[in-house]
Structure formats: structure tokens, C-alpha cells
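A short worksheet on the structure shown next.
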Ligand SMILES: Nc1ncnc2c1ncn2[C@@H]1O[C@H](COP(=O)(O)OP(=O)(O)OP(=O)(O)O)[C@@H](O)[C@H]1O
Ligand SMILES: [Mg+2]
């Protein structure tokens, strides 16, 4: 049996619709289907207000496709139903726009004396969190490539993997071994591709199940921040754990953040989660540096042709509506996934490639959003040039 769209569609006829009536194909809910290298990509349209409830439908569709012989992977996204008004129509708005005025310069706000209580980390000029409302949208991938992009701009950069439940940096950066201590009190960070790196993954075995309670997570984070010999850094990028629960909120509060970058996938549904992420940082007065739309569109590996199967553009529209800078669109490409799995992030593996260019442009925007804060925080940093 050859793997083609018809095979996929036939299999998807076994997946029941949202109300257990009919099937998702007959109901017209399945988007264009794209197949590349044995991997299948498509989206399923569902009403926005039933997103969480219908996660099981998404999983069922993914499982159905994965069970087809020859399928090496499947990626299914839920896309919100769009009626008339298009993106961001009124019923999908759980909350009104933020208190921050439209087109505010978030960083400028932070200089006006917010977060006075948090002690700075000596030697680190700016700490930037990469976060999202929900898991699996590409935070860690964005964090590592943003860090490499910032480094490519001439900055001294570190990366702190704050995802204590599911650390990613050892794998993404291909780092093995344990950090050493220089003086018995502080740990020396690991290094890869010119980045200083610290992750709970270095300290705990990958197979060890980690059941951390909230307070322990926070103290572990504090140690990774303050008991590590980071040296002089222009930027420390923090890869946050998914979600917007108490642990994340406390982390956002504990770390003296210069700002936060929110990663979202394009669908309206993910954007609802992204808004949760935005709100979390707002609650603790952390400036929003902007939103990255990850898996924005799909680039076919064979033809290089672009497909908008995931409803590209949603994050940009949302960023505009919220008055938060839009930092860029990262396409879904095999390169990004494969280089990540191989421990050679795409910005390092192929610095002249299309993806690296996208990430460097995002890094430049992040830098310019941080601009005033960084110059204020570090008047002795002559080599940082902002355009
Ligand atoms: N632009 C992209 N193109 C292709 N694959 C991608 C892209 N971004 C992320 N991925 C893949 O999607 C998966 C999830 O990415 P990642 O681990 O970065 O997400 P995350 O938000 O950090 O997840 P978690 O919430 O579990 O920490 C990974 O397999 C990654 O390689
Ligand atoms: Mg992650």
C-alpha cells in the first residue's frame, strides 16, 4: 500500500466527529493533507470554545494516521472554526486587551522601577524567559535557537533550562556529562556552541522519574540561577516549563527578568493558551518582548513550497491586537526537528540556511526590544549595538 492522501483520508473516516456523530472527513473538518518523508501533517477544524474538550479527538486522529503502515510520524493540530470575521472574532476572546496601552514599549515600562525587590544575578546583564501557555509548541527549540541567534549577533549568551520536569537542553545541545564545581560551592556551567548551559538534566539521570513539589522546583531554579558560575553574560535565555500554574508564576516572580518571549503555534486555539502565558507575565510585571509564531507554515522538504496548513498568521494578528511586538514566524520544517534531535540546533548546524536567518532576525528583534533595558542595566557594555 502506498502512502498517499487517499490512504490517510480513508483512515480518518474511522475518527468520529466532535459529538460522536459522523466522522471528521464527512463532516468536512480535515484540512489539506500534506505528506513528506513518511510524515503526515494536517489540521482539524473545531469550535474554539471546545478546544480542550476535543484534545482527545486530535489524539485519535493522530493515532489513526500513525497506525497506517509506512507512516513515520503525524502532526495534527486543532484549528478554530472561523466564521465571517476571521481571526480574533469576538466570541474567541476570553479577556479584554491588556492594561498595557497598545504599542507600549514594554521594556521602557520596566525601567520605571518595576520589580525592585528581585536581586540581580551578578555578571548577567539581562535575563529573558521563553514561555508558552501550553506544552509542545516549540519553546525549547525557540529558546536554543534564539540563544544561538543572539550569540551570532556578538553577545555573550547563556541558556538556563528551567524545565525541571522535562529538561531539553542536554538533548538539544548534545551535551553529556556532569557539571564540575570549581570551589565546592558553585557549579561551572556546561558549554556548547559557545553557549553556557545549565539544566536539571545534567544533575539528574534522564530516566529518573522526577516528582518535585512546587517549593523544591523553585529552590532548584534559584540554585541554577545563583549558584552557577555564569561569568559575564549579556543575555541569559531561560527555557520555561510549559503551563501557567503556580510553579511557573513563582518562577516568573523569582527570576529578575528583563522580559518574556511567548511562543505560540498559529491556530486560534493555541493562542488562547498563549494569552494565558502573556497574562502570567503581566501579573508579575514582567515586560513582554513579543510573540513568536512557531510552526507558522509548512515548507515541503522536496520542493521548498510553502503550505499554510496550520492557519498561519494567527499569532501576528493577536500580537497586533494586544499591542505586543510580533517577533517573527518560524516555519515547520524537517530541518528544525531533525537537527534538534541530533543535538545540533539549526542555527548552529546550518548558519546560512533559511531557518537560521529566521531565528537571527527574531534575535535582532528581541535585542532591540530589550535595548533600552539593557543599556540602562549595563552602561558598561559598549559592544552591544542596536539598530
Ligand atoms: N519549527 C519547527 N519545525 C519542526 N519541528 C519543530 C519546530 N519547532 C519545534 N519542533 C518540534 O516539535 C517538538 C516540540 O518542540 P519543543 O520541545 O521545542 O517544544 P516545547 O514547547 O519546549 O515542549 P515542552 O512543553 O514539552 O517543553 C519537538 O520534536 C521539536 O523538534
Ligand atoms: Mg520544552
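Among beta bridges from DSSP that stay inside the stretch 106-377, the antiparallel ones total about 15%.
Sequence-distant contacts, meaning Cα pairs under 8 Å at least 6 residues apart, place the relative contact order of the stretch 233-323 at 28 percent. Given their separation in residues at 0.36 nm each and the Cα-Cα distance between them, residue 342 and residue 23 gain 111.0 nm when the chain is fully extended.
Take the alpha-carbon centre of the stretch 296-324, take the same for the stretch 148-179, and report the distance between them in whole Å. Going from one Cα centre to the other spans 26 Å.
Over the stretch 5-85, the pair-distance histogram of Cα-Cα distances with 10 Å bins from zero comes to 19, 56, 22, 3, 0 percent, rounded to whole numbers. On the basis of the beta-carbon distance and an R0 of 35 Å, residue 178 and residue 352 show a calculated FRET efficiency of 0.55.
Judged by the mean number of other Cβ atoms found within 10 Å, the most tightly packed of the peptides 351-357, 365-371, 260-266 leads the ranking 260-266, 365-371, 351-357. For the stretch 229-275 and the stretch 1-77, what is the centre-to-centre distance using only Cα atoms, to the nearest Å? About 31 Å separates the Cα centre of the stretch 229-275 from the one of the stretch 1-77.
Where a number appears in this text, it was derived from the coordinates with a stated rule and is not lab data. Here the structure is a predicted model, which means the values were calculated and not measured. Backbone-built Cβ (ideal geometry, glycine too); neighbour counts: all protein chains shown.
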